[in-house]
Amino acid sequence: MSFLPEIDRERTQEAVEAILERYRMYKFLSFEEREASTTSNISDIPRSFTGTTSDQTASIAIYNVDTRAQQKSFCERVERVVRRMPRLERFLIEERYMTIEHDYITDQHVYNHVFQPPISGGKYSKIRWKAFYKLAADFDVLVTKKGPDDEGAT
């Protein structure tokens with residue numbers, strides 16, 4: 001019996017790839033800022049007092065600033081975690097998952113043509129899993145397998 005839970009590799013890999021996809025979206029796509037409407041809405045229905053005041057311009061400004069800051073801090077966090085990895089893991093993540101050409105680069109291309117000297121597919125998988133494990137642990141997205149004795153536990 002082991003004290004450490006067994007990690008569900010497939011679901012953990014999916015979670016890490018989702019983080020890296022989010023990173024690419026924030027890093028390489030432009031942020032579309034919201035703008036205040038300058039025309040008033042005309043309505044036949046009289047407005048009733050709701051007890052609240054709203055400032056559309058302030059709400060939009062807060063959204064624009066906070067969302068962009070949140071995206072920037074997320075990207076910096078991913079980059080900081082990757083920078084702390086050993087050289088091979090960092091190289092693999094940067095070349096395969098953190099580039100704008102991610103959709104056109106395959107794992108086979110990376111381990112056959114990008115790594116110098118080329119490495120085997122098995123070694124590539126081991127390096128990738130170690131890097132994914134570190135990313136998953138840092139972002140708290142490690143998925144553990146449910147054992148048969150876990151069903152009755154509360």
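When only residues in region 1-55 that are of a type in the set (F, W, Y) and surrounded by 10 or more Cβ atoms within 10 Å (Cβ to Cβ) count, which is modelled with the lowest pLDDT?
To start, the set of residues in region 1-55 that are of a type in the set (F, W, Y) comprises 3, 23, 26, 28, 31, 49.
With surrounded by 10 or more Cβ atoms within 10 Å (Cβ to Cβ) added as a condition, the list becomes 23, 26, 28, 31.
Working: Y23: 94, Y26: 90, F28: 86, F31: 67.
Ranking the qualifying residues of region 1-55, first place goes to F31.
Working only within region 94-124, note down all residues that are among the aromatic types (F, W, Y) and in contact (Cβ under 8 Å) with a residue 40 or more places away in the chain.
Result: Y97, single match.
Could you please find all residues in region 6-31 being out of contact with any strand residue (DSSP E or B) (no Cβ under 7 Å at 6 or more places or on another chain), farther than 12 Å from I100 by Cβ and not in a helix (DSSP H, G or I)?
Of everything in region 6-31, those that are out of contact with any strand residue (DSSP E or B) (no Cβ under 7 Å at 6 or more places or on another chain), farther than 12 Å from I100 by Cβ and not in a helix (DSSP H, G or I) turn out to be S30, F31.
Of the residues that sit in region 104-149 and are of a type in the set (G, A, S) and under 15 Å from E14 (Cα atoms), which one is surrounded by the most Cβ atoms within 10 Å (Cβ to Cβ)? Quick ask: steps written out before the conclusion?
Kept after step one, since they are of a type in the set (G, A, S), are these residues of region 104-149: 120-122, 125, 131, 136-137, 147.
Right, trim to under 15 Å from E14 (Cα atoms) and you get 125, 131, 136-137.
Working: S125: 12, A131: 23, A136: 20, A137: 14.
By that ranking, first place goes to A131.
The values are calculated or read from the model by the stated rules, or taken from the named source; none is laboratory data. Every value quoted in this text rests on a predicted model; they were computed, and no experiment measured them. Positions of Cβ are backbone-derived with ideal geometry, glycine not excepted, and every protein chain shown enters the neighbour counts.
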